[in-house]
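Chemist: Structure in structure tokens, see below.
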Amino acid sequence: MTKLVIYTDLDGSLLDHDSYSHVLADALLVELEAHGIPVIIASSKTRCEQIPLRNELGNQHPFIVENGAAVFMPIGYFEARPSGTDEDNGYWVKRFSLPRQHWLEIISDVSADFSGEYTNFDNLDTRQIGALTGLSEAAAELAARREFGEPVHWTGSDKGRQRFIQRLQQSGAHVLQGGRFLHVSGDCDKGSAMQWLHSRYAQQPDDRMPASLAIGDSQNDAAMLEAADYALIIHSASVAEPVLLRSNHTWRSSKSGPGGWDEGVRKILHSQHLLKDSTNG
């Protein structure tokens, strides 16, 4: 069996865009775990959001937070602590971005020129965040605990959004368009974080280089989808399909959310002979 590591987006991919359910992918997740294939969450979600979800899924693998701003690895997951990491509450952490406060100050510096055209999490209470995201207030409180960046909900014109992004970029920020929000952070993305983490797997005692499969549905997944050996684009009725330069080893699901996740992953595993006895359906 070829060694494989799966890197997956959450909202609109492993999780339903509206209900946040993952039930349609649960059976395959159990099968992958049984075959020793790690599923790495790579999401715009915070550490505080991802930890309870990983527990719910029975997933004890590393995870990538806030669009690649940091990689969290359970201490002892790899044989040795990866260089360039620090220890934080049971995890080895590789950070790729300055803290959230730095980006809040940059957003504040341009706010007067874009009054009334956007809101961001720091200016919203949990009820308001819940209304924007569809999350419960308890879940919205976890979403508000950003560590490395800031989500911005743009309500102005497309032209104004482009000017807003340009101003932030001139101040050193990087802006990614996600499924719901503009994500303002450092020079990081899911692709770079995935490549860094994947190289840690490659350094483990094994006579084979692991293959990588990236899964996503929106433009903030593009860097990850481009960098992986295999790419699966999940169909979405809510966001535009990510624009990719690659065409080889690229699949598209016909279903959305976790149904498309299950459909697409099974098809790839079967067609590439990555998992014995994995079939469509």
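Chemist: So for the range 250-267 (the condition being under 23 Å from Ser21 (Cβ atoms), assigned to a loop (DSSP other than H, G, I, E, B) and not acidic (Asp, Glu)), does at least one residue qualify?
Modeler: no
Chemist: Among the residues of the range 131-140 satisfying the criterion of being surrounded by fewer than 17 Cβ atoms within 10 Å (Cβ to Cβ) and not aliphatic (A, V, I, L, M), which is nearest to the chain's Cα centre (by Cα)?
Modeler: So, considering only residues that are surrounded by fewer than 17 Cβ atoms within 10 Å (Cβ to Cβ) and not aliphatic (A, V, I, L, M), the one nearest to the chain's Cα centre (by Cα) is Gly134.
Chemist: Condition first: closer than 18 Å to Glu31 by Cβ and under 17 Å from the mean Cα position of the chain (by Cα). Now tell me which residues in the range 229-264 satisfy that.
Modeler: Result: Tyr230, Leu232, Pro258, Gly260, Trp261.
Chemist: Additional query: Among the residues in the range 155-178, are any touching a residue at least 60 places away in the same chain (Cβ under 8 Å) and within 30 Å of Asp262 (Cα to Cα)?
Modeler: Within the range 155-178, one or more residues are touching a residue at least 60 places away in the same chain (Cβ under 8 Å) and within 30 Å of Asp262 (Cα to Cα).
Chemist: Consider Ser83 carefully, then state whether it is free of Cβ contacts under 8 Å to residues at least 40 places away in the same chain, among the hydroxyl-bearing types (Ser, Thr, Tyr), farther than 22 Å from Ala139 by Cα and assigned to a helix (DSSP H, G or I).
Modeler: no
Table: residues versus (1) assigned to a helix (DSSP H, G or I); (2) at pLDDT below 95; (3) assigned by TED's automatic domain parsing to the domain that holds Val65.
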| position | (1), (2), (3) |
| --- | --- |
| Ala139 | yes, yes, no |
| Glu147 | no, no, no |
| Lys159 | yes, no, no |
| Arg167 | yes, no, no |
| Val175 | no, yes, no |
| Arg180 | no, yes, no |
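Chemist: Find the residue count for the range 93-118, including only residues that are surrounded by 14 or more Cβ atoms within 10 Å (Cβ to Cβ) and either closer than 20 Å to Gln195 by Cβ or charged (D, E, K, R) (or both).
Modeler: 7
Chemist: If a residue has to be out of contact with any Phe, Trp or Tyr (no Cβ under 6 Å at 6 or more places or on another chain) and assigned to a strand (DSSP E or B) to count, how many in the range 86-107 make the cut?
Modeler: 6
Chemist: Right, something else. How many residues, within the range 1-36, are crowded, with 16+ Cβ neighbours inside 10 Å, over 18 Å from the mean Cα position of the chain (by Cα) and in a loop (DSSP other than H, G, I, E, B)?
Modeler: 1
Chemist: Search the range 61-92 for residues being under 21 Å from Asn220 (Cβ atoms) and β-branched (Val, Ile, Thr), and hand back the single one that is surrounded by the fewest Cβ atoms within 10 Å (Cβ to Cβ).
Modeler: Val71
Chemist: Could you check how many residues of the range 51-80 are closer than 13 Å to His198 by Cα and part of a loop (DSSP other than H, G, I, E, B)?
Modeler: Looking only at that region, the number is 3.
The values are calculated or read from the model by the stated rules, or taken from the named source; none is laboratory data. All values derive from a computational prediction rather than experimental measurement. Neighbour counts are summed over all protein chains in view; Cβ atoms, including those assigned to glycine, are modelled from backbone coordinates with ideal geometry.
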